[in-house]
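Asker: Following this message is one structure expressed as structure tokens.
The values are calculated or read from the model by the stated rules, or taken from the named source; none is laboratory data. Owing to the predicted nature of the structure, the values given are computational and were not obtained by experimental measurement. Cβ sites come from the backbone with ideal geometry, for glycine too, and all protein chains shown count toward neighbours. Areas reflect the complete protein model, heavy atoms only, side chains present, ligands, DNA and RNA absent. Shrake-Rupley method; radii C 1.70, N 1.55, O 1.52, S 1.80 Å.
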Amino acid sequence: MNDEQLHAMRHSLAHITAAAVKRIWPEAKFGVGPVVQDGFYYDIDLGEKKISEANFEKIEKQMRGIIEYGDDFERFEMPIDQAIDWAKENNQPYKEELLNDLKRSGTTVAKDLDTAELGLATDGDAAIENVSFYKNGAFVDLCRGPHVANTRDVGAFKLLRVAGAYWRGKEGNPQMQRLYGVAFATQEELDQYLERLEQAKLRDHRKLGKELDLYTISSLVGPGLPLFTPRGTVLRELMAQYSNQLRQAFGFQKVWTPHITKKELYETSGHWAKFGDELFLVTSQETSDNFALKPMNCPHHTQIYASQPRSYKDMPVRFLETTTDYRDEKTGELGGLNRVRSLTQDDSHVFARPDQIEQEINNLLSSARELYATIGMSLRVRLSYRDEGEGYLGETNLWETAQAQLKQAVITNELDYFEQDGEAAFYGPKIDFMATDAIGREHQVATVQLDFVQPSRFGLTYTDNEGNAQTPVMIHCALLGSIERFLSVFIEHTGGWFPFWVAPEQLRILTINDTIGDYVDEIRAVLDEVVLMKPVKYNELRYTVDDRNESLGKKIGQASLMKIPVQLIVGPKDKEAREVSVRTQAGEEKVSLNGLGEYLRGIS
RNA sequence: GCCGCUUUAGCUCAGUUGGUUAGAGCAACUGUUUUGUAAACAGUAGGUCCUCGGUUCGAAUCCGAGAAGCGGCUCCA
């Protein structure tokens, strides 16, 4: 089956879903019902009545009835004004809005439409004459198609979930219920898909975070405020250290900034106007100043730049700071480590002359590539541009220059990229590295951003070779992004089997009985000398000894559940032979005590 | 914030139509066992059934409000 056929199948199932819902609730008003990754959805408004998962069986039963009955999908056309009347007569206000847009502009794509006119009726000339409809049995729907020939040709499906969704994606609009289904050509493929979903749940970072003792969230501390355990802290700190090291090699210098600031800083940067209601505010009992917990770091770094006069010879100036920011995210947006209220950024800012932009971006992209190659993650890159929306600061021609420069950098670095409008920051376009979580959702991790706005808003300058003041360009970059979010995808990507160098507990000695304590001490002496130098420098070995009064099988089982990459099994026979049994995921081998340090340093 | 769902021991989960003292496995603790490759045996202890309010002779169970978590929507500097 090719993609077009699968698409037609899923799209036809969306119609069948709507038809089934209309049979059960004839008053249903319908929005749109497109094909999405792995399936389809249909947006439905039942007024006060709500669909819940308890209704799925009933809906699916109706759907199967419609499928078995075997009506053809019949396409027909209607003049646009007649179609609008059809929508009114059938009490389908959402369809009426779509038809109004078609009449006025020939499209229903919201981003191609004037937002002020969205959905409004027009008396002017129609942009199109006819619109197409599809009919299967008694169910008629405005639709561009294509569909399968007959309702029997839709393959295997399952309703998966129901969720709220705003009409046309706008928060002020009525909220409809979005009924999601998955669909494949055969039942076997559907079963495989559902099985993959089950497997993915085993890798969920929230599940592994608990099982591997990496972090916890306390209701006393608050939602979205994760607390990191000793194991999780090892991960955080080593990854941040690596990220910093990669940029320090390119001349970045560490700085430190406080976690609160007067709100004037953000009024100047432009953040207050756009994100003011997402700041945690801090009141001073001593002064009348208003403070906020910092939600990001670039404005602070501008003030370090501004603290002394800069010559063109000093440029670029490169600051690096791994620090925690606080954002008052809406409760419904929080989730695991992926979206938190206390997020730690491995943040950096370059203040550069225009002629230095290309080199600086190349340095950062190569750092990002090296980091993700080292941990075995291949990421797609998103070029995030502005769109026609409001809220972007700076002149259009600067934006165009910046967007072209970022695209060129991505091409030069041979990154696998796609372009997306409307994903830029308010001060400039971005190169975003996108990671995929266990169930296929994409999350931004590394980012490189070009900013012509903040330097001028803060009045930053350097003196050029003719003695004139010039405005520098800012390049924002984080390689991990939010360390919390990075860890969520890293945990799911590895399934908890972290690379040896970053594993919280790299090695555990498992004793067979209590007759070999002296030999264990000899082994410890060897382990204490093991310091990895790659990819992070001075990375001392982290190990423990399990000499409890338990069976070997139990010790192995528990060490394996904790996904400890190297287990050293030590008993009287090993002591006798002056060796250890090294158990890894790859299997087991004997290593001599003399060769143990070398063996561990060689693990990549 | 909005829509739907969920919440029982540290963890994973049972718990019938509202009915005595809410159960199991793992973990913990005590004792026995000295163990060779994914979990030795026995015992002990562990509960605000998310919180608050209501209905009832009686609530883990029904109703209301709230909190937290999950899946989406919106948002993501």
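Asker: Applying the selection to region A:147-171, what residues are surrounded by fewer than 16 Cβ atoms within 10 Å (Cβ to Cβ), more than 25 Å from the chain's Cα centre (by Cα) and part of a loop (DSSP other than H, G, I, E, B)?
Answerer: Selection gives A:149 alone.
Asker: Shifting gears a bit: Looking for something of a type in the set (Gly, Ala, Ser), open to solvent by less than 60 Å² (accessible area, probe 1.4 Å), in a strand (DSSP E or B) and more than 10 Å from RNA strand B (Cβ to nearest atom) - is there at least one such residue anywhere in region A:319-338?
Answerer: No, region A:319-338 contains no residue that is of a type in the set (Gly, Ala, Ser), open to solvent by less than 60 Å² (accessible area, probe 1.4 Å), in a strand (DSSP E or B) and more than 10 Å from RNA strand B (Cβ to nearest atom).
Asker: Here is a follow-up. Between A:393, A:383, A:364, A:415, which is open to solvent by less than 30 Å² (accessible area, probe 1.4 Å) and part of a loop (DSSP other than H, G, I, E, B)?
Answerer: A:415
Asker: Only one of these conditions is not met by residue A:524: (1) farther than 17 Å from residue A:234 by Cα; (2) more than 10 Å from RNA strand B (Cβ to nearest atom); (3) of a type outside the set (Val, Ile, Thr); (4) open to solvent by less than 20 Å² (accessible area, probe 1.4 Å). Which number is it?
Answerer: (4)
Asker: I've got another one for you. Give the number of residues within region A:585-604 that are under 37 Å from the mean Cα position of the chain (by Cα) and either at positive phi or near RNA strand B (Cβ under 10 Å from one of its atoms) (or both).
Answerer: Selection size over region A:585-604: 2.
Asker: For residue A:439, only one of the following conditions fails: (1) modelled with pLDDT of 95 or more; (2) within 16 Å of RNA strand B (Cβ to nearest atom); (3) not in a strand (DSSP E or B). What is its number?
Answerer: Here residue A:439 clears every test but (1).
Asker: Which of the residues belonging to region A:180-205 are within 10 Å of RNA strand B (Cβ to nearest atom), closer than 30 Å to residue A:507 by Cβ and surrounded by 17 or more Cβ atoms within 10 Å (Cβ to Cβ)?
Answerer: The answer is A:204, A:205.
Asker: Of all helices (runs of 4 or more DSSP H) completely enclosed by region A:219-283, which ones contain at least 2 residues that are closer than 30 Å to residue A:534 by Cβ?
Answerer: Once the helices (runs of 4 or more DSSP H) in region A:219-283 are filtered for at least 2 residues that are closer than 30 Å to residue A:534 by Cβ, what remains is A:230-248.
Asker: Take region A:37-85 and flag every residue that is open to solvent by 30 Å² or more (accessible area, probe 1.4 Å), touching a residue at least 40 places away in the same chain (Cβ under 8 Å), part of a helix (DSSP H, G or I) and more than 16 Å from residue A:158 (Cα to Cα).
Answerer: A:69, A:81
Asker: Scan region A:565-573 and tell me whether some residue there is near RNA strand B (Cβ under 9 Å from one of its atoms), crowded, with 17+ Cβ neighbours inside 10 Å and within 37 Å of the chain's Cα centre (by Cα).
Answerer: yes
Asker: In region A:251-272, how many are within 11 Å of RNA strand B (Cβ to nearest atom) and in contact (Cβ under 8 Å) with a residue 12 or more places away in the chain?
Answerer: The total comes to 4.
Asker: Would you call residue A:19 aliphatic (A, V, I, L, M), over 34 Å from the mean Cα position of the chain (by Cα) and either under 20 Å from residue A:143 (Cα atoms) or assigned to a helix (DSSP H, G or I) (or both)?
Answerer: Details: aliphatic (A, V, I, L, M): yes; over 34 Å from the mean Cα position of the chain (by Cα): yes; either under 20 Å from residue A:143 (Cα atoms) or assigned to a helix (DSSP H, G or I) (or both): yes.
So residue A:19 fits the description; yes.
Asker: One residue is enough: does region A:224-243 have a residue meeting the conditions closer than 30 Å to residue A:363 by Cβ and touching an Asp or Glu at 6+ places or on another chain (Cβ under 7 Å)?
Answerer: yes
Asker: Another one. Among (1) open to solvent by 30 Å² or more (accessible area, probe 1.4 Å); (2) within 42 Å of the chain's Cα centre (by Cα); (3) aliphatic (A, V, I, L, M); (4) more than 6 Å from RNA strand B (Cβ to nearest atom), where does residue A:582 come up short?
Answerer: (1)
Asker: Do we find a residue being more than 16 Å from RNA strand B (Cβ to nearest atom), in a helix (DSSP H, G or I) and open to solvent by less than 30 Å² (accessible area, probe 1.4 Å) anywhere in region A:296-306? First the steps, then the outcome.
Answerer: Step one: filter region A:296-306 for residues more than 16 Å from RNA strand B (Cβ to nearest atom), giving A:304-306.
If we keep only those that are in a helix (DSSP H, G or I) as well, we get A:304-305.
Now drop any that are not open to solvent by less than 30 Å² (accessible area, probe 1.4 Å), which leaves A:305.
Checked against the condition, which is being more than 16 Å from RNA strand B (Cβ to nearest atom), in a helix (DSSP H, G or I) and open to solvent by less than 30 Å² (accessible area, probe 1.4 Å), region A:296-306 yields at least one hit.
Asker: Condition test on residue A:514, is it surrounded by 18 or more Cβ atoms within 10 Å (Cβ to Cβ) and more than 23 Å from residue A:212 (Cα to Cα)?
Answerer: Here the answer is no, as residue A:514 does not meet what is asked.
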